[in-house]
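The values are calculated or read from the model by the stated rules, or taken from the named source; none is laboratory data. Predicted model only: the values in this text are computed from it and were never measured. No Cβ is skipped: glycine too gets one built from the backbone with ideal geometry, and neighbour counts run over all protein chains shown. Quick note on the areas: whole protein, heavy atoms, side chains included, nothing else; ligands and nucleic acids left out. Shrake-Rupley method; radii C 1.70, N 1.55, O 1.52, S 1.80 Å.
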Amino acid sequence: MAYIGKSPQFGVRSRFYFTATGSETSISGTSDGGTTLIYTDGAYVDVYLNGVLLVAGTDYNTTTANTIGGLAALSANDIVEIIVYDVFSVANTLPSTGGTITGAVTVAGNTTVSGTLSTQEITLNKAVSGKTETATLSVNKTIDFDTNQNFVYTLGASINLTNPTTDTSDSIGQSGFIMFIQDGTGNRTVSPGSNYTIPGGGALTLSTTANAVDMVPYVIEAADKIRLGTPQLAYAAIT
C-alpha cells in the first residue's frame with residue numbers, strides 16, 4: 001500500500017514557490033528557489049495562491065505533465081505555492097504472511113523461529129548446543145525427542161523407557177546422547193521399549209555401582225526406530 005506523509009528517513013513532500021510577473025495562466029519549470037516543478041500524480045498536489053488553497057479541477061488543473069494549468073490570469077507579484085506529495089511503496093519487503101528472500105541476510109541480534117526452519121545449507125560460526133533435559137527418574141519415562149536432543153537422567157528406581165508418543169519421523173537423522181546416573185543406591189536398570197534397538201539385540205546393560213555415570217549414544221534412523229549405541233560405562237568422577 002502506498003504511503004503518503006512525513007518520514008524521518010525519506011523526503012516525501014516538496015514545496016515550490018513561483019512569483020508571477022503578471023498574466024500567467026499556468027505555472028511550470030524552475031521555481032524561485034531554482035528547483036524544477038515535477039510531480040508523478042496530480043492528485044497529490046496542493047496549490048496555494050497568496051496563501052489561499054485553490055480547488056483542484058476548478059481553480060486549476062494538472063492535465064499537462066508537471067504543469068499547474070487553468071489558472072485565472074495572475075497579477076504581478078502574486079505568489080503561487082505548490083506542494084507535491086511524493087507517493088511511494090517500500091520495495092523488497094515481506095508481508096506478515098510470509099514470502100521469499102533471495103539474497104543474503106545478516107541478523108545481528110537474536111532470532112526466534114517458532115515453526116519449522118527449512119534450509120538447503122547453513123554455515124555456523126559458533127558451536128551449537130542441543131537442548132538438554134535433566135531429570136531424576138523414579139517412574140517409567142517417555143522421552144520427547146522433538147523437544148530435546150540430549151538427556152541426563154539420574155536413576156532413582158529401575159525404569160522402562162516407553163516408546164515415544166511424539167512422531168519421530170520429524171526427527172530422522174537426529175543424534176545425541178542419553179546419560180544415565182545411578183543414585184546413591186545403585187543397581188538401577190533401564191529397559192527400553194520396542195522402538196529402541198540395542199547392538200546385538202540384547203538388553204541395555206548399565207553400571208550398577210552407586211553414583212556411576214554411563215553414556216548411551218543414539219540416532220533416530222526412521223519413524224519409530226531409535227538406534228542405541230554401545231553404552232560408555234563408568235565415567236570417572238570429576239572433582
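Per-residue answers, yes or no, for (1) farther than 13 Å from Ile83 by Cα; (2) aliphatic (A, V, I, L, M):
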position: Phe18; (1), (2): no, no
position: Glu24; (1), (2): yes, no
position: Tyr60; (1), (2): yes, no
position: Ala65; (1), (2): yes, yes
Criterion (over 40 Å from the mean Cα position of the chain (by Cα) and not aromatic (Phe, Trp, Tyr)) met by exactly one of Gly193, Gly229, Gly201: Gly201
Leading residue by the ranking (nearest to Ile226 (Cα to Cα)) among those in the range 156-199 that are surrounded by fewer than 16 Cβ atoms within 10 Å (Cβ to Cβ) and in contact with a Gly (Cβ under 8 Å, 6 or more places away or on another chain): Asn163
Every pair of residues 6+ apart whose Cβ atoms lie under 6 Å, when the first sits in the range 116-134 and is without any contact (Cβ under 8 Å) to a residue 60 or more places away in the chain and exposed (fewer than 10 other Cβ atoms within 10 Å of the Cβ) while the second is of a type in the set (Asp, Glu) and not in a loop (DSSP other than H, G, I, E, B): none
Residue that is farthest from Asp167 (Cα to Cα), among those in the range 135-152 that are modelled with pLDDT of 95 or more and open to solvent by 80 Å² or more (accessible area, probe 1.4 Å): Thr136
Count of the range 33-65 residues which are open to solvent by 50 Å² or more (accessible area, probe 1.4 Å), assigned to a loop (DSSP other than H, G, I, E, B) and touching a helix residue (DSSP H, G or I) at 6+ places or on another chain (Cβ under 8 Å): 1
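Going through the range 201-239 one residue at a time, which ones are part of a strand (DSSP E or B) and buried (at least 19 other Cβ atoms within 10 Å of the Cβ)? If you could, list the steps in order and put the result at the bottom.
Within the range 201-239, the subset part of a strand (DSSP E or B) is 213-222, 225-228, 232.
Passing the criteria: Val213, Asp214, Val216, Tyr218, Ile220, Ile226.
Please count how many residues of the range 116-144 are among the polar types (S, T, N, Q) and either at positive phi or not in a loop (DSSP other than H, G, I, E, B) (or both).
Qualifying residue count, the range 116-144: 4.
Of the residues Val80, Val113, which is under 30 Å from Asp170 (Cβ atoms) and either assigned to a loop (DSSP other than H, G, I, E, B) or of a type outside the set (Ser, Thr, Tyr) (or both)? I'd like the intermediate steps shown before the answer.
Values: Val80 fails: under 30 Å from Asp170 (Cβ atoms).
Checking each option against the conditions leaves just Val113.
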Extreme residue, farthest from Gln120 (Cα to Cα), among residues of the range 83-109 that are outside any loop (DSSP other than H, G, I, E, B) and open to solvent by less than 60 Å² (accessible area, probe 1.4 Å): Ile83
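Do we find that Val113 is under 33 Å from the mean Cα position of the chain (by Cα), of a type in the set (A, V, I, L, M, F, W, C) and open to solvent by less than 90 Å² (accessible area, probe 1.4 Å) in this structure? Write out each step before concluding.
On the way: under 33 Å from the mean Cα position of the chain (by Cα): yes; of a type in the set (A, V, I, L, M, F, W, C): yes; open to solvent by less than 90 Å² (accessible area, probe 1.4 Å): yes.
Here the answer is yes, as Val113 does meet what is asked.
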Tally of residues being modelled with pLDDT under 95 and closer than 13 Å to Lys141 by Cβ across the range 163-192: 2
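Would you mention how many residues in the range 204-233 are of a type in the set (Gly, Ala, Ser) and touching a strand residue (DSSP E or B) at 6+ places or on another chain (Cβ under 7 Å)? So that I can check it myself, show each step before the final result.
First pass over the range 204-233, keeping only residues of a type in the set (Gly, Ala, Ser): 207, 210, 212, 222-223, 229.
If we keep only those that are touching a strand residue (DSSP E or B) at 6+ places or on another chain (Cβ under 7 Å) as well, we get 207, 210, 212, 229.
Number of matching residues: 4.
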